[in-house]
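As structure tokens, the structure follows; a few thoughts come after it.
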Amino acid sequence: MSQNKKKEIDTEEKNIAVENLPGVGPATAEKLVDSGYSDLLSIAVESPKALAELTDIGEATAIKIIAAAKKAADIGSFEAGDVLLKKRQDVLKLTTNSKSFNELLGGGIETQAITELYGEFGSGKTQIAHQSAVTCQLPIAEGGLDGHCLIIDTENTFRPERIVQMSTALEMDPEDVLQKIHVARAFNSHHQILLGEKIKEIAKEYPVRLLVVDSLTAHFRAEYIGRGALADRQQKLNKHIHDLMRFGDLFNAAIIVTNQVSSKPDAFFGDPTRPIGGHIVGHAATFRIYLRKSKGGKRICRLIDSPNLPEGEAVITVTENGVGD
Ligand code: ADP
Ligand code: MG
């Protein structure tokens, strides 16, 4: 609770600072904040062209504002190893409800990190997301995160009935579990990005420990078609992922995103078995899990790359009770 309070103050300080940038009047500041640039870092890392387009200011002005933001923003600094070790000690691991899947992940789905589930349609991405929305409410001693879950649902695949089944199987009160899952439909990529910016606000009301974006890439893929749109798509996606990552850092929350394997060759990445979003999603995700169907309703989860774990596979089942061994 006190941690949430502190973050609130941090955010507010940054809001004030946008207005104090040299060359930014109240009207421009309002435009910037309305467009989602509510902190200096988000302005500092933006391209002049994108900033100009999104906020309706000239490109020359945008260049000046970005330069000023770069000077003023806390771009980040070098931290000593012992400080980083301490931060790592805050990391919690969320149980997937499958022993072998947890082991593959070195204990479970980590907080302060993005875990990407990718695979073809029906491979179990949404099921794992639902299961995690339930287990994250368990006490920490039982592999949970003792917190609420936020879901950005872009494909209208959230099913409260599944939550009832899964929580009943774990002998949790379904009503209580449902009350701690907050779902927002995102109707297009722009809406999705806006929701990504709003999550910090919701986390002031509830102790959110898990954020799910299911699917991270579907809207982007449908809306930005062809080679010409690719740079723009990747830039927007990059900013969105950056917002998610920051959320995980600020609130010690786990982040699960789903990504489908494209059935048709992507405009840029060609290979149909490569996940959409290419290297931008790949580099941002700390854990990438490739899911595929196997015999008898089983699913194979393959850990693709991780900073500190060996590659490997786990077999899980998806039943009416949810994810299990
Ligand atoms: P995607 O990877 O496209 O998100 P899902 O996670 O939605 O795929 O997985 C859908 C699959 O999950 C179904 O094909 C089915 O095998 C399984 N599934 C969904 N609901 C149930 C249920 N109530 N009981 C058993 N299996 C289910
Ligand atoms: Mg799905």
With respect to ILE225, is the statement that it is more than 21 Å from THR115 (Cα to Cα), of a type outside the set (Lys, Arg) and not in a strand (DSSP E or B) true?
yes
Can you tell me which residue within the range 242-262, out of those that are open to solvent by less than 10 Å² (accessible area, probe 1.4 Å) and β-branched (Val, Ile, Thr), is nearest to ligand 1 (Cβ to nearest atom)?
THR258
Go through the range 227-244 and give me each residue that's among the aliphatic types (A, V, I, L, M) and in contact (Cβ under 8 Å) with a residue 60 or more places away in the chain.
ILE241, LEU244
Only unsatisfied item for THR126, checking (1) more than 16 Å from ligand 1 (Cβ to nearest atom); (2) touching a strand residue (DSSP E or B) at 6+ places or on another chain (Cβ under 7 Å), is (1)
Only one of (1) closer than 22 Å to ALA184 by Cα; (2) in contact (Cβ under 8 Å) with a residue 60 or more places away in the chain is not met by SER98, so which one is it?
(1)
When you check GLU116 against the structure, is it acidic (Asp, Glu) and assigned by TED's automatic domain parsing to the domain that holds LEU250, yes or no?
yes
Every pair of residues 6+ apart whose Cβ atoms lie under 8 Å, when the first sits in the range 127-146 and is without any contact (Cβ under 8 Å) to a residue 60 or more places away in the chain and of a type outside the set (S, T, N, Q) while the second is away from ligand 1 (no atom under 16 Å from the Cβ) and in a helix (DSSP H, G or I):
GLY143/ASN102
Within the range 165-180, does at least one residue satisfy the condition of being among the small types (Gly, Ala, Ser) and surrounded by 14 or more Cβ atoms within 10 Å (Cβ to Cβ)?
yes
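Considering every residue within the range 32-47, establish whether at least one is farther than 17 Å from GLY196 by Cβ, more than 25 Å from the chain's Cα centre (by Cα) and not basic (Lys, Arg).
No.
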Go through the range 199-226 and give me each residue that's open to solvent by 50 Å² or more (accessible area, probe 1.4 Å), in contact (Cβ under 8 Å) with a residue 12 or more places away in the chain and of a type in the set (D, E, K, R).
LYS204, ARG221, GLU223
Select from the range 205-234 the residues that are polar (S, T, N, Q) and within 16 Å of ligand 1 (Cβ to nearest atom) and write down the one among them that is farthest from PHE251 (Cα to Cα).
THR217
Within the range 147-164, track down each residue that is surrounded by fewer than 17 Cβ atoms within 10 Å (Cβ to Cβ), touching a residue at least 12 places away in the same chain (Cβ under 8 Å) and assigned to a helix (DSSP H, G or I).
PRO160, VAL164
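The values are calculated or read from the model by the stated rules, or taken from the named source; none is laboratory data. All figures in this text were calculated on a predicted structure; none of them were measured in a lab. Don't worry about glycine lacking a Cβ; one is built from the backbone with ideal geometry, like all the others, and counts go over all protein chains shown. Only protein heavy atoms, including side chains, enter the accessible area calculation; ligands, DNA and RNA are left aside. Shrake-Rupley method; radii C 1.70, N 1.55, O 1.52, S 1.80 Å.
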